[in-house]
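Structure first, then comments.
What follows is calculated from the coordinates using simple rules that are stated; it is not laboratory data. Just so it is clear, the structure is predicted and the values come from calculations on it, not from any experiment. Cβ placement follows ideal geometry from the backbone for every residue including glycine, while neighbour counts extend to all protein chains displayed.
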């Protein structure tokens, strides 16, 4: 009877059946939990979601398509349902509008410059080939082995003058011919310095007896002799137009005007020992003088006198012979010291400040700037007797030219600024294509390597 009463009345059974709280809720999303106090499984105290049991496809449909249906019937949407929809979308990670999105938008790309306003880049400059071997070699017997003397110079007519003992020889580089200019008597010799005038034909010859002779090389004739200025040998010469500046062992520097009879027009007294280096700046306004007293003096032509100097620089620790004015910066001067100093120093002549000092490791005998590149060439003595090419201003060694067996005493640069001649105590004169362009230098190197003996000549 009890069974009949329970099954006989359907409305009673329907009332007793537990009701679902949400019509869209799946039974797997609401696990049946028993209340420990009452034992009734339907008396739940909280909602614990289970992600593995969620139907994300269905939820996405309801958030997108269901939203459209809600828009069609806005009256059926409430504030609570809208808030629930947003919270459900965030909980289900359905808000994907900012995935892989930058906070700031990328800038608008700039339109390319029209072709008519652009110019093609210049072609890259080929790397210059610098041959490490000499180009020509000549015998130079009886060369005086003296660091303080200047026995070699290259004229604008492409003629090399070299003093060997008491004789001055001329070597025409273009034709390869050699000739004797003058041989002085033993009483006034040997020759202590040579220097070409700017016209390429007149040459000054300094002598051991304190005289200076001026010669016309084309006519092989003596023009005049400058006397009465120095008391001992003249080891350094420098031209400034018609002014011939001479430096002697007596420490004096004299400006000689070669156009007038009384040639001694100015005398500078600043060195206490022999003047072994003289160089006029390209402007002809400043004169640099180096001496055996370790001094480097800068004279200004506008205030030249025996008492007024522009700069007195005494940072070298040995004789200063190597001097070179920079061709691309008029106020820059490079100087080199002897064996006790071994340094190349760079000076700002506007202020007299030393900009840099580089220890070369050996005696610095001469310096030459490359007029086409920012490079400096130096020649040295013991232990390697080499020529070193430096990159300016980093002063990195680019190449070292070896071949001389003794101290390289003097260097001279060709009129085209490509070739350098050096004369050393091993009584040889050598030419180096160190400043030449890549193609000509490469051809000269191949020729030198193929026929090294055919280039060995004798000056006399």
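Placing pseudo-labels 7 Å out from each Cα toward the beta carbon at residue 187 and residue 317 gives an inter-label distance of 4.6 nm.
Our compactness index for region 138-458, the C-alpha radius of gyration over the empirical 2.2 N^0.38 Å, is 0.94.
Counted residue by residue at 0.36 nm each, then reduced by the alpha carbon distance between them, the extension gain from residue 82 to residue 56 reaches 7.5 nm. For the pair residue 232 and residue 129, a Förster radius of 45 Å applied to the C-beta separation gives a FRET efficiency near 0.45, rounded to the nearest 0.05.
Here the simple spin-label model places points 7 Å from the Cα toward Cβ, and for residue 260 and residue 359 these points are separated by 5.0 nm. Exposure proxy for 244, 63: other Cβ atoms within 10 Å of each Cβ, ordered fewest to most, give 63, 244.
Kindly put 420, 144, 399 in sequence by how many other C-beta atoms sit within 10 Å of each C-beta, fewest to most.
399, 144, 420
In terms of packing, defined here as the mean over residues of other Cβ atoms within 10 angstrom, the peptides 185-191, 391-397, 429-435, 167-173 line up highest first as 429-435, 167-173, 185-191, 391-397. With just the Cα atoms defining each centre, how far is region 215-253 from region 343-387? Give it in Å. Distance between centres, Cα-based: 26 Å. Along its principal axes, region 164-239 has C-alpha extents of 39, 25, 19 angstrom, given from the largest down. Dividing the convex hull volume of the alpha-carbon atoms in region 273-370 by its residue count gives 88 Å³ per residue.
Between residue 224 and residue 382, the modelled label-to-label distance comes to 4.4 nm, taking each label 7 Å out from Cα in the direction of the beta carbon. For region 132-286, the Cα gyration tensor yields ellipsoid semi-axes of 24, 17, 16 Å (square root of five times each eigenvalue, largest first, whole Å).
Highest mean packing first, where packing is the average number of other Cβ atoms within 10 Å per residue, the peptides 264-270, 338-344, 159-165, 200-206 line up as 159-165, 200-206, 338-344, 264-270. Taking other C-beta atoms within 10 angstrom as a stand-in for reagent exposure, 315, 82, 211 fall in the order 82, 315, 211, fewest first.
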